[in-house]
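Below is one structure, written out as structure tokens; comments come after it.
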Number of protein chains: 2
Amino acid sequence: MDTTALREDAPVDSARRQKTRARLLDAAFEIFAEHGVHAASVEMITEAAGFTRGAFYSNFSSKNELFFALMEREKSLRIEQLNEGVAQFLAPAVGGGAALGDDAVVEIITKVLELQSDDRRWWLVQSEFQLLAMRDPEISAGFLEYQDGFVRELTTIVVEALTSASLRFTIDAEEAVRVIAELCANAEARALLAGDERKLSERLSASVPAIMLALTERL
Amino acid sequence: MDTTALREDAPVDSARRQKTRARLLDAAFEIFAEHGVHAASVEMITEAAGFTRGAFYSNFSSKNELFFALMEREKSLRIEQLNEGVAQFLAPAVGGGAALGDDAVVEIITKVLELQSDDRRWWLVQSEFQLLAMRDPEISAGFLEYQDGFVRELTTIVVEALTSASLRFTIDAEEAVRVIAELCANAEARALLAGDERKLSERLSASVPAIMLALTERL
């Protein structure tokens, strides 16, 4: 066995593998959102992605494993978008050291929201996942870990952003971030139900900054 | 046809009918929570309630209609419990006209929460209903109406209670009540996932009063 050849192939293989995984995750996202996680089968996902069952199982041991991988990918995307928003809109505003007025805070939060993926499928799939996890003890611990990890990551970013704007939460920071995240999720659900096609940032620009200001005080 | 006899029978009939409806709703609550609304059939519900399909269809035209009736019943129960809590704990505390300190507000909110039904099935079934409604345009408008009606009823009670305690929300009252209701629902979901057997009031006595105080100001 020529191990040199194997090593040389590895990066190509790995890139192709990443591409296969990404296509399977994209397909699963669509299928889960359209049919629900329960009704979605491995066959439906592989067919939509244009792969065989073999390709699926060489990447994921089960539908649950793929589900967790999808949640992690989407979570990372949203964390990235939030970091970008803070760097792009908050950092320059507080760079000069001047304190921000309430109006400036509202404007910055609205701009950061505008960068967030406006993806109702994400909300649908997360709700499904939560319901599944509540009925299936095998995934409930993993789901809780995922969700708490998400809130912790969000909290780190938000607290750092608030500090740089000379603000701090008046209640437990994780609790405050949970409340705001739930507000966003709930707004997505209502938009879906009402057929409200406005963008996330338009729908949330009245409530999220108001809640954020109500839950914070000047340092 | 002897209409006098019919009229005399009516109250008995009506009482029996109410009992049948109540048993069907109880059974549906159990079945929906255990198996999910999608997997639950009219047969499963009637069998659990000890009735025939005929009894079902003489009370409800469809599973969806029964679902709405169940949500309405459970909503009314919770509104009643909230009203009772306010009457029992807040009214005497503000009767003398003295302003309440933050500690007293926290204590009253905790006591009111203790009166609320500690029913995780309720949260599960509501989540299911919301997911169904998001996929089924036939029930989405009805669900939205139900949900908005619930928030409006809660808001009326909460605003009246706050006013009597010389407090008011610093943000839109319905938005504030939505945030607090979501916080409760989310806490239920986490308790289910974590196998946390503590009572609703114990789990929420740290967060709900803190959020309520953060979102209000003295009149």
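The values are calculated or read from the model by the stated rules, or taken from the named source; none is laboratory data. Computed from a prediction, not measured in an experiment: that's the story for all the values here. A quick note on method: Cβ atoms are made from the backbone with ideal geometry, for glycine too, and the neighbour counts reach across all protein chains shown. Ligands, DNA and RNA are excluded from the accessible area calculation, which covers all protein heavy atoms including side chains. Shrake-Rupley method; radii C 1.70, N 1.55, O 1.52, S 1.80 Å.
Is the C-alpha gyration tensor of the protein assembly as shown telling us rounded, prolate or oblate? Criteria: a/c under 1.5 is rounded; beyond that, a/b larger than b/c is prolate, otherwise oblate.
Details: a/c = 2.31, a/b = 1.15, b/c = 2.01.
Verdict is oblate for the protein assembly as shown.
Considering the options B:SER76, B:MET44, B:SER201, tell which one lies farthest towards the positive end of the dipole of the protein assembly as shown, charges being +1 on Lys and Arg and -1 on Asp and Glu at the Cβ, about the Cα centre.
Ranked along the dipole, the leading option is B:MET44.
What's the FRET efficiency of A:ARG218 with B:GLU30 using the Cβ-Cβ distance as r and R₀ = 60 Å, to the nearest 0.05?
0.70
If the label for A:SER58 sits 7 angstrom from Cα along the Cα-to-Cβ line, what are its distances to the same label in every other copy, in nm to one decimal, shortest first?
6.3
Please give, to one decimal in nm, the separation of the simple spin-label points placed at B:ALA39 and B:GLU107, each 7 Å out from Cα toward the Cβ.
Here the answer is 4.7 nm between the modelled labels.
For B:THR216, enumerate residues with amide H under 5 Å from its amide H, sequence gap 5+ or separate chain, H modeled in the peptide plane.
Those qualifying (amide H under 5 Å, at least 5 residues apart or on another chain) are B:THR170.
Report the calculated FRET efficiency for A:GLU72 and A:GLU160 (r = Cβ-Cβ distance, R0 = 22 Å), to the nearest 0.05. Don't skip to the end; give the middle numbers.
On the way: r = 22 Å, r/R0 = 1.01.
Efficiency computed from Cβ-Cβ geometry: 0.50.
With every protein chain left in place, what is the accessible area per residue of the protein assembly as shown in square angstrom, probe 1.4 Å? List each step's numbers first, then the result.
On the way: 21600 Å² over 438 residues.
With the other protein chains kept in place, the protein assembly as shown gives 49 Å² per residue.
For B:LEU167, enumerate residues with amide H under 5 Å from its amide H, sequence gap 5+ or separate chain, H modeled in the peptide plane.
Close amide H contacts, sequence-distant or interchain: B:LEU219.
Calculate the length of the line joining the C-alpha centroid of the stretch A:148-219 to that of the stretch A:114-135, in whole Å.
16 Å
Using a Debye calculation, one point per C-alpha and no hydration shell, please list log10 I(q)/I(0) for chain B at q = 0.09, 0.11, 0.15 Å⁻¹ in order.
-0.46, -0.66, -1.03
If I take the rotation axis that carries chain B onto chain A, which residue of chain B has the nearest beta-carbon, and at how many angstrom?
Per the Cβ-to-axis criterion, the result reads B:GLU182, 2.
Quick one: Karplus J couplings for the stretch B:24-39, per residue in order, coefficients 6.51, -1.76, 1.60, θ = phi - 60°, nearest Hz, x for Gly and Pro?
5, 5, 4, 5, 4, 4, 4, 5, 4, 5, 6, 10, x, 5, 4, 6
What's the extension gain from A:ILE79 to A:ARG152 if we count 0.36 nm per residue and subtract their Cα-Cα distance? Display every interim value, and only then the final one.
Values: separation 73, 0.36 × 73 = 26.28 nm, distance 1.09 nm.
Difference between extended and current length: 25.2 nm.
Label position 7 Å from Cα toward Cβ: report the copy-to-copy distances for B:THR170 in nm, one decimal, ordered from shortest.
Reported distances to equivalent positions: 0.3 nm.
Output ³J(HN,Hα) for the stretch B:88-104: one whole-Hz value per residue in order, computed from phi by the Karplus curve 6.51 cos²θ - 1.76 cosθ + 1.60 with θ = phi - 60°, and x for Gly and Pro.
Result, ordered by residue: 7, 10, 7, 3, x, 5, 9, x, x, x, 6, 6, 8, x, 4, 4, 5 Hz.
Using the 7 Å Cα-to-Cβ label point, sort the distances from A:ARG16 to its equivalents in the other copies shortest first and give them in nm to one decimal.
7.4
Could you give the dipole magnitude of chain B about its Cα centre, charging the beta-carbon of Lys and Arg +1 and that of Asp and Glu -1, in debye to the nearest 20?
180 debye
Shape of the stretch B:70-187 from its Cα gyration tensor (a ≥ b ≥ c, root eigenvalues): rounded if a/c is under 1.5, otherwise prolate when a/b > b/c, or oblate?
On the way: a/c = 2.50, a/b = 2.00, b/c = 1.25.
Here the stretch B:70-187 falls in the prolate category.
Which GluC sites (Glu not before Pro) from the stretch A:119-215 combine a DSSP loop assignment with at most 10 other Cβ atoms within 10 Å?
Loop-located and lightly packed - A:GLU197.
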